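The structure appears below as structure tokens.
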Amino acid sequence: MISLIGLVGGLGLLIWLTIRGMNLFIAAPLCALVVGLTSGLPVFSGESNFVETYMSGFTGFIASWFFMFLLGALFGKFMEDTGAADALSKWIVSKLGYKQAVFAVVAACAILTYGGVSVFVVAFSVYPMALSLFKDANLPRRFIPATMAFGSVTFTMTSAGSPEIQNWIPIKYLGTSPFAAWEVSLVVAIFMALFGYWWLKRMVDKAVLAGEVFEAKPEDPEIKERIYPHPITGFIPLLVVLLLSFFLHKSLAQLALIVALGGGVLTLMIINFKYFQNLGKAVNLGTTGALLAIGNTSAVVGFGAIAKTTTAFQETVQVMTQIPGNELIGAAIAVSVIAGLTGSASGGQAIALPLVGPHYLDQGVDPEELHRIVAIASGALDSLPHNGYVVTTIRAICHETHQRAYGPMAALTVAVPLIGLTIAIALFIIF
């Protein structure tokens, strides 16, 4: 009981401190310490102590993602400094009009995500263009994180055919394919795309009618009178990233992103080298931003590493995987809760599937249906305020606060996927 109180209390405290804007390098280990102490985890002594467990989670994430964050941040900064992002955004506005700025950002994120680019990297890559589009259209910048997240982690990330790991992890445990239950997945994806976009536009339009406008920040690039490169020079590097990631992800898996982003950075430098305003400054800002972003995310991953060692967490997993009633509903609840506790969609799947998979397959559940439910369920409660992607996108990339930006993001990345999950379960039960 004490362990459960500590787990729930530590998670609640982390969410509250995150929303209040406390530095995650302090908040995450502090809340993890609360969870560890209430579960009897020794702080320094023993083979499995707090410091070693927390730091294994922290450093493990850095080891896996450092080069992706670094190259992604450099790519975004180079797009910004050369003016390629501005040139591309101005071209989009000239063709679609200012009213379609939101659609352009959502579409760019969706194409890159479904093309195999990691959602973290998509945020780095698209933000410069999103900032320019929102500025030109005079839209409230607090909606940029929600707009990018909607295009990245909802109707694309967990849909059939998506090369994102959230759609591939179930294959290992269920023996399915990336296109498992594609018919239902297509219906759910279309619903999430249409309903989510309508909701996003409604929130933005309501804010504009209330008098909200674009507000510049000190972190924004200085836009001086300059000669911009051709718009296609902003599109070609994005296309290079997309194609390399798409064609190499099967053979190189996660490492394909290093090649793809490296190719994008080199392409951008080659075709736009003469348009750099300050290459050295862009490199410095990009590397600093990458370190901050991956550090914030790693701090939260460390919290998840501590949470997973507690007795309360292990018992919660056991209870969640043995929920009576319809098996698909039980699987959806189990994955959603575990993803919420760990703040990770992939983490929720990796923990739940070894238990949920054999348990439900033995009961005769269709593996393709289970695959799709697990995938969609993992992309809902994972987007709570302490989620690494949420923290990185809002704070490190968009320089916003949770108090200003998380509300719209929660509506689109928590509420919309939950409705989509309900629709998927209903369709499987009916048909």
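The values are calculated or read from the model by the stated rules, or taken from the named source; none is laboratory data. All of these numbers come straight from a predicted model, not from anything done at the bench. All Cβ positions, even for glycine, are placed from backbone atoms using ideal geometry, and neighbour counts span all protein chains on display. Ligands, DNA and RNA are stripped out before the accessible areas are found, and what is left, the full protein with its side chains, is counted by its heavy atoms. Shrake-Rupley method; radii C 1.70, N 1.55, O 1.52, S 1.80 Å.
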Inset, instruction - Go through the residues of the stretch 175-196 one by one and say whether even a single one is under 22 Å from the mean Cα position of the chain (by Cα), closer than 15 Å to Pro408 by Cβ, buried (at least 22 other Cβ atoms within 10 Å of the Cβ) and modelled with pLDDT of 95 or more. - result: yes
Inset, instruction - Could you look through the stretch 220-251, keep only residues that are at pLDDT below 80 and farther than 30 Å from Glu400 by Cα, and pick out the one that is least open to solvent (accessible area, probe 1.4 Å)? - result: His249
Legend entry - Selection count where residues are surrounded by 24 or more Cβ atoms within 10 Å (Cβ to Cβ) and either outside any helix (DSSP H, G or I) or among the polar types (S, T, N, Q) (or both), scope the stretch 327-348: 4
Inset, instruction - Report the residue count in the stretch 1-20 for those that are closer than 20 Å to Ser383 by Cβ, open to solvent by 50 Å² or more (accessible area, probe 1.4 Å) and out of contact with any helix residue (DSSP H, G or I) (no Cβ under 6 Å at 6 or more places or on another chain). - result: 3
Legend entry - Unmet criterion (only one of (1) part of a helix (DSSP H, G or I); (2) in contact (Cβ under 8 Å) with a residue 12 or more places away in the chain) for Gln314: (2)
Inset, instruction - Might you check whether a residue that is among the β-branched types (Val, Ile, Thr), open to solvent by 20 Å² or more (accessible area, probe 1.4 Å) and in a helix (DSSP H, G or I) occurs anywhere in the stretch 30-46? - result: yes
Legend entry - Filter result for the condition that a residue is surrounded by fewer than 24 Cβ atoms within 10 Å (Cβ to Cβ), not aliphatic (A, V, I, L, M) and not in a helix (DSSP H, G or I), over Lys206, Lys172, Lys217: Lys217
Inset, instruction - Could you identify the single residue in Ser94, Ser89 that is among the hydroxyl-bearing types (Ser, Thr, Tyr), crowded, with 24+ Cβ neighbours inside 10 Å and not in a loop (DSSP other than H, G, I, E, B)? - result: Ser89
Inset, instruction - Within the stretch 1-38, work out how many residues are more than 24 Å from the chain's Cα centre (by Cα) and among the polar types (S, T, N, Q). - result: 2
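Table: residues versus (1) out of contact with any Cys (no Cβ under 8 Å at 6 or more places or on another chain); (2) under 30 Å from His230 (Cβ atoms); (3) crowded, with 22+ Cβ neighbours inside 10 Å.
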position: Gly280; (1), (2), (3): yes, yes, no
position: Ser298; (1), (2), (3): yes, no, yes
position: Ile306; (1), (2), (3): yes, no, yes
position: Gln318; (1), (2), (3): yes, no, no
position: Gly325; (1), (2), (3): yes, no, no
Legend entry - Exclusive hit being of a type outside the set (A, V, I, L, M) and under 16 Å from Gly115 (Cβ atoms), set Phe214, Phe235: Phe235
